[in-house]
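Please read the structure below before turning to the comments.
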Amino acid sequence: MSSSTTTSDGFPELLAVRNALYLGNYSVCMSKIAQTKINESNADMKMERDVLSFRAHIGLGQYDLVLQQIKEGDNLAIPLRGVRLLAEYFQAQNRGTSREAIIEKVDTLQQDPSFTTDPTFAICSATIYAFEGNDIACLKSLHDVSTLEAFSLRVRTLIRMNRIDLAEHTFNKMMELNEDATITNFTRAYVALAKGSKDKISEAESIFKELSEKFGQSVPLLNGVALCLMHDFEFADAENTLLSSLALSTNSVETLVNLIACSMHLKKDASRFLSQLQSTSPNHPWVVKYNSLSDTFDSLTSTK
């Protein structure tokens, strides 16, 4: 394949950038972008580079920077429209402000085939729905695209819905597309973890560790290892792994939730992690559900 040819997942020149983004290595992603030479006269290649750069900034929590760079307007390219909505969503979530208007925008644009068939917009809208806890809408957003990233997000969504059978079926289709891709291997680890048998947990842990050694540690990879360790009741090792993840991203919801669970198993005080989670992500579905259950419990105990 020539360097000027794109695959369904993007230009070969940007493969290392995509891999870093997929694995949650956002700082590495930015470094790779700076090191990668592209054909500046190729508008599609420039667009992919810019989208990957903006998504990495979002991963680093730099929402304002993205919104300053991507100005709202009727002529805004569809991929950039999706990225801007994603930045708006996480900014609102971070500030504790209403996300309703953003969701309405996404819902409206979902009616337009030119948006639903755009891979970047599909991923961004699906991510928003996933963070809203709307797994059905997430899957619908991905229906019209067949990139490896879309397949990976489908698989992980189905796992979250406890539909391991459908997740495995979808993963098999992903392997038909490219079984050797880094993101396919990354997704394979989640499928193995979801199956839950001892040999599959061992397989998942090996994949997460191999990817960490090859591409560098990241929050998703460290949390993957920690989940495998927790499944094997190795909670002390899992805690150490999660603390390493927390050092990479102090406000990672995934890490804080897993640290809370790990602390409870170790009979340790988890209040620090819980307070941090409630403070930094007050509108996250996990926090909202926890607060609701806590309020219900307090209400029941106060009536006795």
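Taking (1) in contact (Cβ under 8 Å) with a residue 24 or more places away in the chain; (2) more than 22 Å from residue 287 (Cα to Cα) in turn, residue 159 satisfies each apart from (2). Restricting the range 249-300 to residues that are farther than 20 Å from residue 134 by Cα and of a type in the set (Val, Ile, Thr), the residue that is surrounded by the most Cβ atoms within 10 Å (Cβ to Cβ) is 255. For the structure I just gave you, tell me whether residue 54 is aromatic (Phe, Trp, Tyr) and within 20 Å of residue 248 (Cα to Cα). When the stated conditions are applied, residue 54 passes them. Looking at 74, 64, just one residue is outside any helix (DSSP H, G or I) and farther than 19 Å from residue 149 by Cβ, and that residue is 74.
All conditions in (1) modelled with pLDDT of 90 or more; (2) under 24 Å from residue 100 (Cβ atoms) hold for residue 230, with the sole exception of (2).
Provide a single number: the residues in the range 60-85 that are out of contact with any Ser or Thr (no Cβ under 6 Å at 6 or more places or on another chain), in contact (Cβ under 8 Å) with a residue 12 or more places away in the chain and within 18 Å of residue 122 (Cβ to Cβ). Steps first, answer last, please.
So in the range 60-85, the residues out of contact with any Ser or Thr (no Cβ under 6 Å at 6 or more places or on another chain) come out as 60-78, 80-81, 83-85.
Checking which are in contact (Cβ under 8 Å) with a residue 12 or more places away in the chain leaves us with 60-61, 63-64, 66-67, 69-70, 72, 77-78, 80-81, 83-85.
Okay, now just the ones that are also within 18 Å of residue 122 (Cβ to Cβ), so 70, 77-78, 80-81, 83-85.
So the answer is 8.
Within the range 195-202, one or more residues are out of contact with any Gly (no Cβ under 9 Å at 6 or more places or on another chain), in a helix (DSSP H, G or I), aliphatic (A, V, I, L, M) and modelled with pLDDT of 95 or more.
Set side by side, the residues 179, 149 differ, and just one is acidic (Asp, Glu), under 26 Å from residue 215 (Cβ atoms) and in contact (Cβ under 8 Å) with a residue 60 or more places away in the chain, which is 149. Among the residues of the range 213-263, those that are over 19 Å from the mean Cα position of the chain (by Cα), part of a helix (DSSP H, G or I) and among the acidic types (Asp, Glu) comprise 213, 237, 239.
Can you name the helices (runs of 4 or more DSSP H) wholly within the range 99-156 that have at least 2 residues being over 25 Å from residue 281 (Cβ atoms) and not hydroxyl-bearing (Ser, Thr, Tyr)?
In the range 99-156, 113-116 are the helices (runs of 4 or more DSSP H) which contain 2 or more residues that are over 25 Å from residue 281 (Cβ atoms) and not hydroxyl-bearing (Ser, Thr, Tyr).
Within the range 212-226, the set of residues being closer than 15 Å to residue 192 by Cα and either of a type outside the set (A, V, I, L, M) or surrounded by fewer than 24 Cβ atoms within 10 Å (Cβ to Cβ) (or both) comprises 223, 224.
Is it true that residue 214 is among the basic types (Lys, Arg), touching a helix residue (DSSP H, G or I) at 6+ places or on another chain (Cβ under 9 Å) and modelled with pLDDT of 95 or more? Yes: the conditions hold for residue 214. For the range 29-56, name all the residues that are free of Cβ contacts under 8 Å to residues at least 12 places away in the same chain and either within 19 Å of residue 89 (Cα to Cα) or not in a loop (DSSP other than H, G, I, E, B) (or both). Hits for the range 29-56 are 31, 34, 35, 43, 46. Please determine, by comparing only the residues of the range 7-31 that are at pLDDT below 95 and polar (S, T, N, Q), which one is surrounded by the most Cβ atoms within 10 Å (Cβ to Cβ). Result: 7. Restricted to the range 130-154, and to residues that are surrounded by 21 or more Cβ atoms within 10 Å (Cβ to Cβ) and within 12 Å of the chain's Cα centre (by Cα), which residue is farthest from residue 182 (Cα to Cα)? Within the range 130-154, the match that is farthest from residue 182 (Cα to Cα) is 154.
The values are calculated or read from the model by the stated rules, or taken from the named source; none is laboratory data. Since the model is a prediction, treat every value here as computed from it, not as a measurement. Glycine also receives a Cβ, built like all others from the backbone with ideal geometry; neighbour counts cover every protein chain displayed.
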